[in-house]
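Chemist: Below you'll find the structure I mean.
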Amino acid sequence: MGNPLSSFLLLCLILLSSPVFFLTSCESVPVDPRPRAFPSFKIQEIKEEIGWGCSYTVKIKTSCSSRRFTTDRISLAFGDAYHNEVYAPRLDDPSSAAFERCSTDTFKIQGPCGYGICYLYLRRDGWDGWTPEWVQVYEPHVSRAISFYYGTPLPNGIWYGFNHCPRSSSSIGVTEI
């Protein structure tokens with residue numbers, strides 16, 4: 001029959017190399033599809049460096065349940081798990097008719113090059129109660145967009161959105177707005 005320790009080690013080796021063991025032993029963390037408030041979120045201190053930067057295309061659809069137009073100040077922040085953050089302090093422009101009901105607005109935003117966007121927050125400051133339907137971010141060198149679905153009014157004066165980054169990235173930020 002052989003040595004019991006050798007048999008045990010052989011069994012462990014077989015189990016660890018088994019795809020069934022691997023798939024059932026890996027704990028998957030479910031991603032909450034709903035946006036939520038992030039009151040402790042802080043914008044990172046932007047470090048200007050020569051030669052850095054990528055251009056992102058961001059599309060934002062305003063909900064058809066939103067007011068006809070908004071005078072709210074709308075800010076956006078998104079980034080990756082490696083602390084590469086893109087920040088647009090004010091996307092709204094009352095003279096441009098941005099964020100009208102049922103419309104989709106497209107923005108070109110410069111920022112540090114990221115490696116897989118995993119969080120996105122919007123912030124609304126004002127009294128209109130603007131409601132986004134969704135936000136899509138097109139990363140440079142990636143053929144498809146990453147989408148974040150809202151569909152509910154943003155609370156006033158707080159960062160609101162999604163953080164699907166690994167847990168170690170949840171303390172992102174240095175400077176508060």
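The values are calculated or read from the model by the stated rules, or taken from the named source; none is laboratory data. Note that this is a predicted model, so its numbers are computed, not measured. Note: ideal-geometry Cβ built from the backbone for every residue, glycine included; neighbour counts use all protein chains shown. Ligands, DNA and RNA are stripped out before the accessible areas are found, and what is left, the full protein with its side chains, is counted by its heavy atoms. Shrake-Rupley method; radii C 1.70, N 1.55, O 1.52, S 1.80 Å.
Chemist: What number of residues within region 90-109 satisfy the criterion of being more than 17 Å from E133 (Cα to Cα), in a loop (DSSP other than H, G, I, E, B) and open to solvent by 70 Å² or more (accessible area, probe 1.4 Å)?
Modeler: Of the residues in region 90-109, 1 are more than 17 Å from E133 (Cα to Cα), in a loop (DSSP other than H, G, I, E, B) and open to solvent by 70 Å² or more (accessible area, probe 1.4 Å).
Chemist: Give me a count of the residues in region 89-113 that are within 21 Å of the chain's Cα centre (by Cα) and free of Cβ contacts under 8 Å to residues at least 24 places away in the same chain.
Modeler: So the count comes out to 2.
Chemist: Mind listing just one residue for me: the one in region 110-147 that is among the charged types (D, E, K, R) and touching an Asp or Glu at 6+ places or on another chain (Cβ under 7 Å) and, of those, surrounded by the most Cβ atoms within 10 Å (Cβ to Cβ)?
Modeler: Residue satisfying both the conditions and the ranking: R124.
Chemist: For region 63-77, check the following and say yes or no: at least one residue is open to solvent by 80 Å² or more (accessible area, probe 1.4 Å), of a type in the set (D, E, K, R) and within 17 Å of the chain's Cα centre (by Cα).
Modeler: No; the residues of region 63-77 include none that is open to solvent by 80 Å² or more (accessible area, probe 1.4 Å), of a type in the set (D, E, K, R) and within 17 Å of the chain's Cα centre (by Cα).
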